[in-house]
Amino acid sequence: MSAYLIVEFAVKDPDLYREQYAANAGKTAKQYGAEALANSSWESLHGDGSLTSGALMRFPDRESALKWYNSPEYQQLIELRGIAMDARFSVLDGLPTPADAQQAAE
C-alpha cells in the first residue's frame, strides 16, 4: 500500500534551498521509489500559517519512505535543510486500492 510523505515548510534561504537542498533531496527520494505529486505555496484554510509551502510525495509503501528519510544520502542533507528552511515532515499510509484488496485475497 502506498505511503505519502507530507512536507510543510518555510524557506529561510531561497538560493540554498533551490540550488542545494531541493534538487538533491528529490534525487535521493527517487532512488527509493518516490513520486512528487505536489510542491507549491499553501493556501492555508485554518491553523498555523507559519509553514507557507508544502510538498506531497508518494512512496511505494511506508517502509520505503522511512528508508529514504533515514538513508545516508538524505541524512547528509539534514544540516543543510535546517539552514535553508523550517520544516515538518510527516508520513501516512494511503488507502487500500482494489489491487491491494486483490493481493490480500490471493
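Computed over the chain, relative contact order equals 48 percent, with contacts defined as Cα pairs under 8 Å that lie 6+ residues apart. In region 53-106, taking the dipole from charged Cβ atoms about the Cα centre, the farthest positive-side position among Ser64, Gly94, Ala84 is held by Ala84. In region 55-100, Rg over Rh equals 1.06, where Rg is the alpha-carbon radius of gyration and Rh the Kirkwood radius from pairwise Cα distances. Shape descriptor for the chain: Rg over Rh equals 1.03 (Cα atoms; Rh from the Kirkwood inverse mean 1/r).
Computed from the coordinates by the stated procedures, all read-outs in this text should not be read as laboratory data. Here the structure is a predicted model, which is why all the values come from computation and not from measurement. With ideal geometry, Cβ positions are generated from the backbone for all residues, glycine too; neighbour counts draw on all protein chains shown.
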